[in-house]
1. Along Cα→Cβ, 7 Å out, is where each label goes; now give me the distance between the ones at residue 33 and residue 64 in nm to one decimal.
2. Return the long-range amide H neighbours of residue 53 (sequence gap of 5 or more, or a different chain), with a cut-off of under 5 Å between placed amide H atoms.
3. What number comes out for the charge environment of residue 49, summing +1 per Lys or Arg and -1 per Asp or Glu over other residues with Cβ under 12 Å away?
4. In the set (i) 17, 40, 23, 12, 6, 1; (ii) 19, 61, 19, 1; (iii) 19, 51, 24, 7, 0, which value of P(r) over Cα pairs in 10 Å bins from 0, in percent was calculated from the structure you see?
Amino acid sequence: MAVNSGKCGNARIAFIGIASAAFRDTGVEGALAGASLDEESVGPAVAGAADGKELLEDSFAGEDYRRQLARVYARRAVLAAVANT
């Protein structure tokens, strides 16, 4: 993640373990581009995490649960990256 004056210059978001293969989430990356990186702005930017992807379903977790995990983990990762810049 590149941060310029408190805004996202660019970001790369990828997931592993929720679908049959690892994937980058270019939708979230695009939503973050140019966005303010405060707690209020990050939530809406990552709200579409894993949208349009076929996620795994098994006896441990369903597709909806894994999609929600993607949103939570994307938010946490972005905020942690911002805190470390």
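1. Distance between the two pseudo-spin positions: 3.3 nm.
2. Amide H neighbours of residue 53, under 5 Å, 5+ apart: none.
3. Values: positive: 24, 53, 66, 67, 71, 75, 76; negative: 25, 29, 51.
Charge balance in the 12 Å sphere: +4.
4. Here the calculated entry is (iii).
None of the figures in this text is laboratory data; all of them are computed from the coordinates on show. What you see is a predicted model; the values in this text were computed from it and never measured. Here Cβ is always computed from backbone atoms with ideal geometry, including for glycine, and neighbour counts include all displayed protein chains.
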